[in-house]
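Where a number appears in this text, it was derived from the coordinates with a stated rule and is not lab data. Everything numeric in this text was worked out from a predicted model, so none of it was measured. Quick reminder, even Gly has a Cβ in these numbers, built from the backbone with ideal geometry, and neighbours come from all protein chains shown.
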Amino acid sequence: MKKIEAIIKPFKLDDVREAVQEFGISGITVTEVRGFGRQRGHAEIYRGAEYVVDFLPKIKIEIVVPESKLSELVRIIQSKAHTGKIGDGKIFIYNVEDAVRIRTGEMGEQAI
């Protein structure tokens with residue numbers, strides 16, 4: 001099993017979520033996060049004073065899938081989160097050793 005962790009722009013969440021559901025994935029975890037990469041934040045003016053916003057709002061999506069669905073799901077997330085502008089985000093892929101469904105005790109792919 002693999003865990004996909006995607007950091008995307010907040011306004012792309014609905015597009016990604018709909019595409020993931022259409023692909024047949026029934027469970028995702030979404031977290032509001034803040035951070036920066038090459039973008040390095042930006043300056044804003046509030047009540048006449050300029051200040052730097054170092055950490056930009058992003059959305060982190062986490063999905064655990066069987067390895068057989070990995071490459072297609074990564075392609076879907078990438079295409080739906082893409083704007084072509086700086087700050088589109090990143091996708092990270094991790095190995096998942098095991099999973100347990102707490103309610104039933106199912107393990108492995110049956111638990112996801």
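Okay, here's what the table says:
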| read-out | value |
| --- | --- |
| Estimated FRET transfer efficiency (Ala49, Ile86; beta-carbon r; R0 22 Å; 0.05) | 0.30 |
| Residue among Val100, Val65, Val30 with the largest mean-square fluctuation in a Gaussian network model of the chain, springs linking Cα atoms under 10 Å | Val100 |
| Theoretical FRET efficiency, 1/(1+(r/R0)^6), r = Cβ-Cβ of Ser68 and Asp15, R0 35 Å, to 0.05 | 0.90 |
| Glu5, Glu18, Glu97 arranged by Cβ crowding within 10 Å, fewest neighbours leading | Glu97, Glu18, Glu5 |
| ³J(HN,Hα), Karplus 6.51/-1.76/1.60, whole Hz, each residue of the stretch 97-112, x for Gly, Pro | 6, 7, 9, 10, 7, 4, 4, 10, x, 4, 10, x, 4, 5, 7, 9 |
| Over 25 Å [Cα-Cα, the chain], rounded percent | 32 percent |
| Value at 222 nm in deg cm²/dmol, rounded to 500, when DSSP H runs of n ≥ 4 in the chain each add -39,500 (n - 2.57) | -6500 deg cm²/dmol |
| Cα-based helix-to-principal-axis angle, 13-23 vs the chain, degrees rounded to 10 | 20 degrees |
| Positive-end residue of Pro66, Leu56, Val20, charge dipole of the chain with Cβ unit charges | Leu56 |
| Crossing angle, helix 70-81 versus the chain [Cα axis fit, 0-90 degrees, rounded to tens] | 30 degrees |
| Residue among Ile77, Ile28, Ile63 with the largest mean-square fluctuation in a Gaussian network model of the chain, springs linking Cα atoms under 10 Å | Ile28 |
